[in-house]
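The values are calculated or read from the model by the stated rules, or taken from the named source; none is laboratory data. Quick caveat, the model's predicted, so the values are computed rather than measured. No Cβ is skipped: glycine too gets one built from the backbone with ideal geometry, and neighbour counts run over all protein chains shown.
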Amino acid sequence: MDARADSIQTILMDVRRGINLLSPRIHSILLIKNEEDVVEYCLREASKWSDFIYVYDGASTDRTWEIVNSLRSKQIVPFKQDGQVFREGLRAEVFDAFRVHACEGDWWCQLNGDEFYIDEPRVFLSEVKATRHVVWGAMVQYYLTHQNVRELDFSLPCERVLSELRYYNANCTEPRFFRYRERLTWNRDKAWPDHLGVVEERLIRFKHYPYRSPTQIQMRLNVRRDNRARGFAGWAHASQESWREKLVSSDDLMFDAQDGTFEVAQSVLRQHLGRPHRRFLQSTMHSLGFWP
């Protein structure tokens with residue numbers, strides 16, 4: 001009887017894998033702290049394309065964790081609240097906790113609370129070849145200008161404020177999605193799993209809003225300075241004391257006419273692909289099964 005049950009279970013798993021190859025799911029990992037102004041908007045927007053969003057809160061002192069829990073569902077999963085020093089490898093904890101729910105071919109996303117996708121992720125990922133495992137994003141980063149501070153009403157809902165931020169730069173790319181394989185291992189001291197895979201040529205575009213209001217910027221600076229003081233080596237760009245030091249002039253920025261077009265710096269369009277010989281090695285090792 002046990003053998004028959006095991007056989008049925010194996011068949012069901014094979015069927016599930018087959019279905020998943022046609023319709024892979026998206027698992028998003030959200031690390032967040034003290035972003036009560038934007039977290040609900042982020043989760044609602046990401047819920048449009050994420051099958052699961054696993055939230056790790058870095059011991060917020062505002063209402064962030066309360067808001068996350070108020071949105072708890074089968075789709076939005078509050079993982080835990082923990083005040084340890086930030087490191088990129090914290091996502092590995094989430095991955096290890098929930099990878100049991102993933103199948104070969106699913107996608108995992110590094111989701112940040114202040115990022116919103118221009119290109120629809122589910123459509124974009126459906127067009128990625130099976131031999132490509134990693135998708136990088138072109139970051140369209142918005143800034144708070146001196147004029148914004150004079151003119152905007154920051155008491156309005158976050159999405160209203162964000163729509164009024166019109167000046168940006170798009171000169172940075174970062175990995176955002178990787179395709180799940182059961183043999184992947186993720187060291188908790190690393191930002192990504194080992195042998196993440198061959199990179200997709202196209203870049204998925206997303207908007208990044210790290211500077212949304214004077215109050216939010218000050219909180220952001222405080223959080224980052226605290227983590228640096230406790231041992232985190234990154235975030236050198238957040239060493240300023242006051243939010244006023246983060247205000248910029250619009251003179252050197254691009255203007256978003258809200259017509260759906262964005263000017264991405266030519267210098268970053270192919271940087272994510274790496275050197276040709278390295279790309280050839282990756283393709284070979286993955287296709288032969290030496291790497292996952």
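Only a single item in (1) without any contact (Cβ under 8 Å) to a residue 40 or more places away in the chain; (2) of a type in the set (A, V, I, L, M, F, W, C); (3) over 24 Å from TRP186 (Cβ atoms) is not met by VAL55, and it is number (3). Looking only at residues in region 189-201 that are over 17 Å from the mean Cα position of the chain (by Cα) and not small (Gly, Ala, Ser), the one that is farthest from ILE29 (Cα to Cα) is GLU201.
Restricting attention to region 193-202, does a residue exist that is surrounded by 13 or more Cβ atoms within 10 Å (Cβ to Cβ), touching a Phe, Trp or Tyr at 6+ places or on another chain (Cβ under 6 Å), aliphatic (A, V, I, L, M) and not in a loop (DSSP other than H, G, I, E, B)? No, the conditions are met nowhere in region 193-202. Can you confirm whether GLU174 is charged (D, E, K, R) and free of Cβ contacts under 8 Å to residues at least 24 places away in the same chain? No; evaluated as a whole, the condition is false for this residue. Of the listed requirements (1) closer than 24 Å to GLY274 by Cα; (2) assigned to a loop (DSSP other than H, G, I, E, B), GLU174 misses just one: (2). The numbered conditions (1) at positive phi; (2) among the hydrophobic types (A, V, I, L, M, F, W, C); (3) modelled with pLDDT under 95 are all true for ALA59 except (3). With respect to the stated conditions, ALA138 fails to be aliphatic (A, V, I, L, M), under 21 Å from the mean Cα position of the chain (by Cα) and modelled with pLDDT under 95. Does LEU273 satisfy the criteria of being surrounded by 14 or more Cβ atoms within 10 Å (Cβ to Cβ), among the hydrophobic types (A, V, I, L, M, F, W, C) and within 22 Å of ALA138 (Cβ to Cβ)? Yes, satisfied.
All of ASP251, ASP226 fail the test of being at pLDDT below 95, part of a helix (DSSP H, G or I) and either in contact with a Pro (Cβ under 7 Å, 6 or more places away or on another chain) or among the acidic types (Asp, Glu) (or both), apart from ASP226.
Only one entry of ARG132, ARG160, ARG122, ARG150 meets the criterion of being more than 28 Å from GLN218 (Cβ to Cβ), at pLDDT 95 or above, outside any loop (DSSP other than H, G, I, E, B) and among the charged types (D, E, K, R), and that entry is ARG122. Here ILE217 clears all of (1) surrounded by fewer than 20 Cβ atoms within 10 Å (Cβ to Cβ); (2) over 17 Å from the mean Cα position of the chain (by Cα); (3) not in a loop (DSSP other than H, G, I, E, B) except the condition numbered (1).
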